[in-house]
Structure formats: C-alpha cells, structure tokens
Amino acid sequence: MRTLRNGWRMGLVDLRLAARTPAALFFTFVFPLVFLFAYGAIFAQGSPRMVAYLFGPVVVLQILSSTFFGLGIRVVAMRERGILRRYRLAPVGAGAMVLGNLLTNFLLLAPTIVLLFVCARLAFGMPWPGNGWEIAAIVLVGDFALAGFGLVIGALAESMQEAQVFSNALFFPLLFLSGATIPLAELPHWLQRVAAFLPPTYLVAGFQQAMEGSGRGALPPAQLLALVASGVLGLLAAVQLFRWDKEERLPARRKMAALALAVPFLLTGAWMNAHPAGLAAWRQPLAVATESTAAKQPASSRQKTAGAAPRQAATPAAAAPSGPVLVSAFADPGGPPRTRIGAGWAAMTDTFLGGDSQASLKVIAGGAPGSRGSLLITGTVAGGIAQPWAGAAFYPGPGPWAPADLSAWRTITFWARGGRHAATYALVLLTAQRRTDPPVKTFTAGPRWRRVTISLAAMTPYRNEVEAVLFAAVQPGAFRLQLDRVGLR
Amino acid sequence: MADGAQTSAAATARNRAAAEAAVVVSGLKKSYGPVRAVDDVSFQIPPGEVFGLLGPNGAGKTSTVEVLAGLRAADGGYVRVCGLDPGRDGRRLQERIGPQLQATMLPDKLRVEEALRLFAGFYGRVLPVAGLLDRFGLTEKRRTYFQRLSGGQKQRLALALALVNDPELVLLDEPTTGLDPRVRREVHGLIAGLRAERRTVLLTTHYIEEAERLCDRVAVMHRGHIVAMGPPRQVVAAAGLASEMEIRLAQPADCGTLATLDAVAAAYAAEGDGGGAVYRLRADAVAPAVVALVRWLDQTGNRLLDLQLRQPTLEDAFVQMTAPDGADRGEEGRG
C-alpha cells in the first residue's frame, strides 16, 4: 500500500520534471509525430487504410523508445548523479522507485498515443480503430512488457554509457525484426521465425488486428501471457536488483538471473515455430493491406475495361437518406446502371489478387416481376488462385472505394436470377475496418427471379465505413447473374 | 554479532544503556576486502547531545555513519540507533532519523518546496513544510529549481530535508565540506539551532574548529580506531600537550633559571621586535607557571612588558593523534 502510494508520488514528480525538460517533451510528443508523418507520407502515400496499417508500427516504435531510452536510462542517470542516494535515506523503498518509473512512463505514453490517433485522423483521415478497447489493452500490456526490459536494463547497467549500449543493442534488432519498420511478410522466412521470439512482433501484429477490428481477439492468449509475464518478471527483477549508489556492484550471478525475462518469449517463440499456422497469421494483415491499395489504384482502369463506368453521385454518403432506399431499379435498359446513393456500379474481379476471372455489366430490358430492366453480370470465374471470384460491386460512398456510413440500414434486399442451374453466389461487405477476410453471406440464384433479403447487421457491427458491396460468382466457370431492385432498409 | 560471548548481566546493562542512549555502538567492525575501515569502534550518544566524529579522510567516519543509518551491514559488533538495530529495522529507523550524508543531490528541475513536500510525503510524522522553509531561509527560494540554488542554499535545503520527519537523531556526514567559510558559519548556526532544540546530532567533520565549536563531545578517529573521546577540552588535555607562553621582559634573563620555575618544562630565548628580551616558555600547566613567573619577577625586580598565551587546541591534539607514523602510511582506509 505504502509502496503504491510512494510510487504514485514519485511518478507524479517525475512527470512534472519531464514536463520541464524540453528534450523529454520532444522525444515524448514530437518524435513519434515525425514518424507518423514520415510513414504516412512515404509509405502510405496518404491512403487512410495504409496509414491505419502503419499506425501500429508507429505506436510500437514509441513504446520501444519510451521504455528503452526513457524508462531504462532514467534510473541510471539518477543513480549516476547521486540522486538515488538521497531517496535511499528516506523510507521510500526500491519498489516505489520502480513503480514510479513505470507510472511516469505510462502517463507520458498514453497522451502520446491519443495525440497520434488524433493527428492520423486529421491529417490522413485514418479510420477509427475497429476495437478501441483492444487497442488500449494492447498499448497497456505492450508497454508493461517492454517496460520490464527497460527496467532490467536500468538495473543492470553500471553507467549511462553501458545503458545506452544495452538499449541500442536490443532496440534496433527489435525494431527491424518485429515488423515495426519492415513489414514482417517482406522478411525471409528464417527471419520470420526469429521474429516469433520477439515481443514487439506480437504487438505490431496485434495492433494491426485490433485496428481492423476483426473481432477475433487481437492477441492470442499465449502471446498475451508472455507479454504480461515479461512485464511482471521485469518488475520483480528491477526491484530485486535495484541499486541506489553507483558504487554498488552487482554480483554476476544476480545479473544472470535477470535473463529469466527472456524465458516467456523463448517458450512462445518456440511454440509458434512449432506451429507455423501462428506465423502464417502474421503474414496475412500485410498481404491484405497491399491488396487493398492495389485494388485502389487500378479501380478506375478496370471500370473502363468492364465497360460500365459508374456514375459519380453528387451526394456524399453522410447526407444520404436514412430511411428505406431503392438503390438501383435498373429502369434504363442500354444506359449505365444508375443509383440513388453512392458512386455507382462497377465490374470487379480477382485480377488484382492474381486471378484471371472476367466480368462485365450491362443494363438489359426485363427483370423482376413488373420491372422494366435489370443488371446483367456475365463473365467467367477462372481458377489459378485459392478463391477465385468475379461480379459487380456497388460503391455506396461518394467515390469508388470511399467509405460510406451504412449503419442506418440493417438489411439489403434485391431480386436475383442466375443461370439455367441454381448456383451459389456471395454478397461481400468490403469495410475499412476489416480487410482480412471480410464478412461474406452466400445466396443462391437459379433460373427464376427470387427476392433475397440479407441482414447486414448480422454480417458485421462495423457498417460505418463500407467501401463496397460486392455481388460475386464464386463457382469456377462461366456465369450469368441478374440483379434488380437493390434496396437498403 | 558477538552477542554469544557476552554474559547475560553485561547484556542487560547494555540493553538498559541502549534504551536510554540515542546511539550505542560497541565493538563495531566493517571491512572492505582487506581494508579494515572500522575496527572495534565503541561509543554512546546520550539524547540531546551533539557528538562529533573527527578524523582525516579515510579514518572510517563515513563508514560508521553509514552503518548507523542502515545503509551498510556491520561485519561485527553491536549497534543500536534509537533503540533499533539498523541492520534489521532499517525501515522503522528511517522514520526516526534525519540523515544528510555528504553532498545531497536532487533532480535539477525539482523546486525547493516540491522537494520538501515530496519527502514529507514519505514519512508518517512530519514538520510543516512552511515552517521548515522559513527556518532555513528558503521561503523566497521555494519556487526555485534545485539546479539554480547556490551551494549554501543547497546545503540549507539538505538540512531542511533531514529535518522533515522531525527526527530524534540527526546524522550529518561532513555537512560543511566544500562550502566557503561564510556559508560554513551559516550552517554552524543551523546546527547550533538543532542543539538548542535538544535533538541528538551525530556529525562527522575534518574541520577541527567546527567540532570544537559545535560538539558537546568528540571522538577522534584514526585508521578505523577511536584514538580519543570526550568533551573537546578534555580531549586536548588528554593529549598531554604543553601550553606555550611568550614573555617579554624589561631586562634579559637566563633561560636556565626560567626553566627551573614551577610547572615550566623548558625555556628558550626568542627573537622579538620592539624593546626588551623575549622568551618562550613551555608550561605543563598554565596557572602555576604564571604564579611562579610573577613571584620570580618580584624577587628579581624584572618587569613583564608583555605576555601571550598559546594554549593547545583540538587541532594540535588532532595533529598529534592522527600523525602518520611511517610504518603503515601506505594503508588507505575508507572514509
């Protein structure tokens, strides 16, 4: 209790001291922003989805630098300057000193992360994270785990110079191998295996998962456990090895005991290497993120080849009507497929994923009972990739791929008619939050017109940033699908 | 601890003494590798006394104080501070002692008042911060960063921090080392204030005049041992140093005759400016020597033009007791 209270006191005082030190403020607040803008401008080229993808690395970088160069070195500096000698004479205790240090670190980090979010949002239009609670938990747990390392460095280093050497020796490999600078998927496979042993890797991957809000739990329990364990071990080691006086020397045997900190990661790393499925999961987020940027650029050119230029809607999604709306009735055979809201329709296939499928759109006469026309989608679903598809996408936003808020509508209804034989088709919601395996709902269509109602609400809770609604054929071979009276309610 | 060797009666007596004295040290030993920094040191400090540990650098003063403050474990001997064993009750002891060990360093950007409030927060019983600021002349500087304080102000803050928990025993390790003479006097005044409050004070110093001025009793330490202990005057007397009298006579006299006077050990002729003959007499005791001199003047009709008395100081005693004696000169103890 007393340790907590004194730790709190020390933390608040340290915070005040940091606020009076321009260098500390720079590395706390300005430095991460420089990285955000550099990453955002250079790698993401301003694309909100890529910024969201790169946001995790920026945050992990800040956690790394604040723990290794803030936390760890602060203790050594205070010891070297003889400041700890005075605290030692008061009934403070090593526990309170360590807790205070940890608290300072976190109190400086939390506002930094918020600032980063706000800046990324304002400057790049980065979507809000899919799961805010998960983000907060990852930052907390990640900071705690890496603080364990920083604290132990501070406890082991005999001098400022030594602390710098230790910190740099760990900081750079962690930075380069964890996916915080170079995407994990770009690393050779053996390095990916090495990365499985490094705690920041879990954080980068977990953060990216949480940003997408995949809803699957961003950190696997084993990784979460390893992170918490390393924080706890680091905290205990730092208290046990705490030195108040630079004259004090630690016996080598006690120094070695601090290596126990690495055990949780050795275990998790070994486990992950033994179960490559875990490693594969890390390669995924990047693959999907690059797909979406790839999808973004050729979108306009694809529309031309598909021969169905979407009509640009003047009304932005935000001003869209919220009641039931008939999106498209396709009442103008021979003309372009018109829409009430959004940017229109476009053919879309798996070519940008390396597939070979084809699709084209045409508004033809005749449709659902009593309808003047309908949208005919024809093409071929070719093999070659794991999940080939082809179909038509409806862009609900003000432009192709611009996110639109569809949360006012809970269901989508449409009339559908397939080929001679009934086949399975897929309705896919492409959302900003969930680029990894987007929500899919299948429906069947056969030779007769049939009304289909699909609950969007049941597909995903995140309907506030829908980029496209895709109607796709998924069975290999030639296909023919007609759509009519597409509506939202 | 050598407790087993003690008879129970001695232990009881010692326990009683421990209950009464603020500090009891008996047979304290502390070594750093082969170096015996503190070797069989014993002393007691009754409550309210200002006790000085005097000695050159490396005499073992700081080691002794660090054991008392619970910062170092003793290798042997018996130590009680405020009735507590510093080795075992360190935390409880910290509540009751006010330490100021050598140069006190605080974070550069900590303000004076913040430092006092921070430390006050660590203790159960505290003195009001405003009162401490006022008493140590820091009220005007209370918003000043530690790094901007002068040496004297830093030292006053250090003393104020030592007093923040209203301690029974104040431990001051070289409180004036490195300060200029004016600031040193200022600090002397503050320590005299502690004495007036009847706080027990243990201070170490290598300034003799500081010990002479401030301490009720001093212990002179040399190479880990206490070589003399008592009130400053008594320590000087015990050193058996002779006083020196310089006399100027109207008429010359015979040195042999002067040397036969009561209580005079030796007499030398000396150079003197101005008129008359100057002699230097070494006296074992000043008063009888002066009486004998006056009688002799009456008898011989000589006249005393001037008399100057130079009594031995603690410094003389100190220099004599801590003189390096060639043989073990190379040995360097820890301070």
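Surrounded by 17 or more Cβ atoms within 10 Å (Cβ to Cβ), away from chain B (no Cβ under 14 Å), over 24 Å from A:Asn131 (Cβ atoms) and out of contact with any strand residue (DSSP E or B) (no Cβ under 9 Å at 6 or more places or on another chain), is that true of A:Phe68?
Details: surrounded by 17 or more Cβ atoms within 10 Å (Cβ to Cβ): yes; away from chain B (no Cβ under 14 Å): yes; over 24 Å from A:Asn131 (Cβ atoms): yes; out of contact with any strand residue (DSSP E or B) (no Cβ under 9 Å at 6 or more places or on another chain): yes.
Yes: the conditions hold for A:Phe68.
Results for (1) of a type in the set (Val, Ile, Thr); (2) closer than 30 Å to A:Gly323 by Cβ; (3) without any contact (Cβ under 8 Å) to a residue 40 or more places away in the chain; (4) touching a strand residue (DSSP E or B) at 6+ places or on another chain (Cβ under 9 Å), shown as yes or no for each residue.
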| residue | (1), (2), (3), (4) |
| --- | --- |
| A:Ala346 | no, yes, no, yes |
| A:Thr351 | yes, no, no, yes |
| A:Gly355 | no, no, yes, yes |
| A:Ala368 | no, yes, no, yes |
| A:Ala390 | no, no, no, yes |
| A:Pro403 | no, yes, no, yes |
| A:Thr424 | yes, no, no, yes |
| A:Thr442 | yes, yes, yes, yes |
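Of the residues that sit in segment A:71-83 and are within 19 Å of A:Ser167 (Cβ to Cβ) and open to solvent by less than 20 Å² (accessible area, probe 1.4 Å), which one is farthest from the other protein chains (Cβ to nearest Cβ)?
Filtering segment A:71-83 down to residues within 19 Å of A:Ser167 (Cβ to Cβ) leaves A:71-81.
The next check asks that each one be open to solvent by less than 20 Å² (accessible area, probe 1.4 Å); those that pass are A:71-73, A:75-76, A:79.
Values: A:Leu71: 16, A:Gly72: 17, A:Ile73: 14, A:Val75: 12, A:Val76: 14, A:Arg79: 11 Å.
The qualifying residue farthest from the other protein chains (Cβ to nearest Cβ) is A:Gly72.
Of the residues B:Leu93, B:Leu71, which single one is assigned to a helix (DSSP H, G or I) and either within 12 Å of chain A (Cβ to nearest Cβ) or surrounded by fewer than 19 Cβ atoms within 10 Å (Cβ to Cβ) (or both)?
On the way: B:Leu71 fails: assigned to a helix (DSSP H, G or I).
Within the list B:Leu93, B:Leu71, the selection yields B:Leu93.
Going by the conditions given, is A:Val98 over 30 Å from A:Phe37 (Cα atoms), in contact (Cβ under 8 Å) with a residue 12 or more places away in the chain, open to solvent by less than 10 Å² (accessible area, probe 1.4 Å) and within 14 Å of chain B (Cβ to nearest Cβ)?
Details: over 30 Å from A:Phe37 (Cα atoms): yes; in contact (Cβ under 8 Å) with a residue 12 or more places away in the chain: yes; open to solvent by less than 10 Å² (accessible area, probe 1.4 Å): yes; within 14 Å of chain B (Cβ to nearest Cβ): no.
Here the answer is no, as A:Val98 does not meet what is asked.
Table: residues versus (1) modelled with pLDDT of 90 or more; (2) touching a Leu at 6+ places or on another chain (Cβ under 9 Å).
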site: A:Trp449; (1), (2): yes, no
site: A:Asn464; (1), (2): no, yes
site: A:Gln475; (1), (2): no, no
site: A:Ala478; (1), (2): yes, no
site: A:Val486; (1), (2): yes, yes
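Take the conditions of a type in the set (Ser, Thr, Tyr), within 13 Å of chain A (Cβ to nearest Cβ), open to solvent by less than 20 Å² (accessible area, probe 1.4 Å) and within 25 Å of B:Ile45 (Cα to Cα) and apply them to B:Tyr78. Does it pass? Lay out the reasoning, then the answer.
On the way: of a type in the set (Ser, Thr, Tyr): yes; within 13 Å of chain A (Cβ to nearest Cβ): no; open to solvent by less than 20 Å² (accessible area, probe 1.4 Å): yes; within 25 Å of B:Ile45 (Cα to Cα): yes.
So B:Tyr78 fails the test.
Which condition does B:Gly87 not pass, out of (1) away from every other protein chain (no Cβ under 11 Å); (2) in a loop (DSSP other than H, G, I, E, B); (3) within 20 Å of the chain's Cα centre (by Cα), if it passes all the others?
Looking at each condition in turn, B:Gly87 falls short on (3).
Please verify whether A:Arg5 is in contact with a Lys or Arg (Cβ under 8 Å, 6 or more places away or on another chain), within 20 Å of B:Leu110 (Cβ to Cβ), within 14 Å of chain B (Cβ to nearest Cβ) and at pLDDT 90 or above, treating the condition exactly as stated.
On the way: in contact with a Lys or Arg (Cβ under 8 Å, 6 or more places away or on another chain): no; within 20 Å of B:Leu110 (Cβ to Cβ): yes; within 14 Å of chain B (Cβ to nearest Cβ): yes; at pLDDT 90 or above: yes.
Considered against the rule, which asks whether it is in contact with a Lys or Arg (Cβ under 8 Å, 6 or more places away or on another chain), within 20 Å of B:Leu110 (Cβ to Cβ), within 14 Å of chain B (Cβ to nearest Cβ) and at pLDDT 90 or above, A:Arg5 comes out as no.
Give segment B:263-280 a look and list any residue that's open to solvent by 50 Å² or more (accessible area, probe 1.4 Å) and either at positive phi or of a type in the set (Val, Ile, Thr) (or both), or say none.
B:Gly274 - this is the single residue of segment B:263-280 that is open to solvent by 50 Å² or more (accessible area, probe 1.4 Å) and either at positive phi or of a type in the set (Val, Ile, Thr) (or both).
Determine which member of the set A:Ala137, A:Ala120, A:Ala145 is buried (at least 23 other Cβ atoms within 10 Å of the Cβ) and either more than 24 Å from A:Pro403 (Cβ to Cβ) or of a type in the set (Ser, Thr, Tyr) (or both). Let's see the steps before the verdict.
Details: A:Ala137 fails: buried (at least 23 other Cβ atoms within 10 Å of the Cβ); A:Ala120 fails: either more than 24 Å from A:Pro403 (Cβ to Cβ) or of a type in the set (Ser, Thr, Tyr) (or both).
The match here is A:Ala145.
Please find, within segment B:128-187, the residue that is nearest to the chain's Cα centre (by Cα) out of those that are more than 15 Å from B:Gly98 (Cβ to Cβ) and within 13 Å of chain A (Cβ to nearest Cβ).
Of everything passing the filter in segment B:128-187, B:Lys154 is nearest to the chain's Cα centre (by Cα).
Would you point out the residue of segment B:240-254, among those that are closer than 18 Å to B:Val290 by Cβ and more than 33 Å from the chain's Cα centre (by Cα), that is surrounded by the fewest Cβ atoms within 10 Å (Cβ to Cβ)?
As a first pass, look at segment B:240-254 and keep what is closer than 18 Å to B:Val290 by Cβ: B:241-250, B:253.
Next, from what is left, pick out any that are more than 33 Å from the chain's Cα centre (by Cα): B:247-250, B:253.
Values: B:Ile247: 25, B:Arg248: 19, B:Leu249: 20, B:Ala250: 14, B:Ala253: 18.
Among those residues, the one meeting the criterion is B:Ala250.
Is it the case, given these coordinates, that B:Leu53 is modelled with pLDDT under 90 and either closer than 21 Å to B:Gln94 by Cβ or in contact with a Lys or Arg (Cβ under 8 Å, 6 or more places away or on another chain) (or both)? Please lay out each step first, then the result.
Details: modelled with pLDDT under 90: no; either closer than 21 Å to B:Gln94 by Cβ or in contact with a Lys or Arg (Cβ under 8 Å, 6 or more places away or on another chain) (or both): yes.
When the stated conditions are applied, B:Leu53 does not pass them.
Here's a check for you: in segment B:125-145, which residue that is in a loop (DSSP other than H, G, I, E, B) and of a type in the set (Val, Ile, Thr) is least open to solvent (accessible area, probe 1.4 Å)? Reasoning before the result, please.
Within segment B:125-145, the first condition is being in a loop (DSSP other than H, G, I, E, B), and the residues that meet it are B:125-128, B:136-144.
From the residues that got through so far, the ones that are of a type in the set (Val, Ile, Thr) too are B:126, B:139, B:144.
Values: B:Val126: 64, B:Thr139: 58, B:Thr144: 28 Å².
If we take residues in segment B:125-145 being in a loop (DSSP other than H, G, I, E, B) and of a type in the set (Val, Ile, Thr), then B:Thr144 is least open to solvent (accessible area, probe 1.4 Å).
So, in segment B:97-114, exactly how many residues are more than 10 Å from every other protein chain (Cβ to nearest Cβ) and open to solvent by 10 Å² or more (accessible area, probe 1.4 Å)?
As a first pass, look at segment B:97-114 and keep what is more than 10 Å from every other protein chain (Cβ to nearest Cβ): B:112-113.
Imposing the further condition that a residue be open to solvent by 10 Å² or more (accessible area, probe 1.4 Å) reduces the set to B:113.
Number satisfying all stated conditions: 1.
Return the pair list, or none, for Cβ contacts closer than 6 Å from residues in segment B:20-35 that are under 22 Å from B:Gly48 (Cβ atoms) to residues that are assigned to a loop (DSSP other than H, G, I, E, B), at least 6 apart or on different chains.
Within 6 Å, the pairs are B:Ala21/B:Pro46; B:Ala22/B:Pro47.
Any residue at all in segment A:15-30 that is within 30 Å of B:Pro86 (Cβ to Cβ) and facing another protein chain (nearest Cβ under 10 Å)?
Quick first cut of segment A:15-30, residues within 30 Å of B:Pro86 (Cβ to Cβ) only: none.
No, because not a single residue in segment A:15-30 is within 30 Å of B:Pro86 (Cβ to Cβ) and facing another protein chain (nearest Cβ under 10 Å).
Of the residues A:Ala393, A:Ala426, which is assigned to a strand (DSSP E or B) and more than 25 Å from the chain's Cα centre (by Cα)? Don't jump to the end; show me each part of the working.
On the way: A:Ala393 fails: more than 25 Å from the chain's Cα centre (by Cα).
After ruling out the rest, the residue left standing is A:Ala426.
The values are calculated or read from the model by the stated rules, or taken from the named source; none is laboratory data. As the structure is a prediction and not an experimental result, all values here were calculated from the model. In this analysis, Cβ positions are derived from the backbone assuming ideal geometry, glycine residues included, and neighbour counts consider all displayed protein chains. Side chains are part of the model used for accessible areas, which takes the heavy atoms of the whole protein and leaves out ligands, DNA and RNA. Shrake-Rupley method; radii C 1.70, N 1.55, O 1.52, S 1.80 Å.
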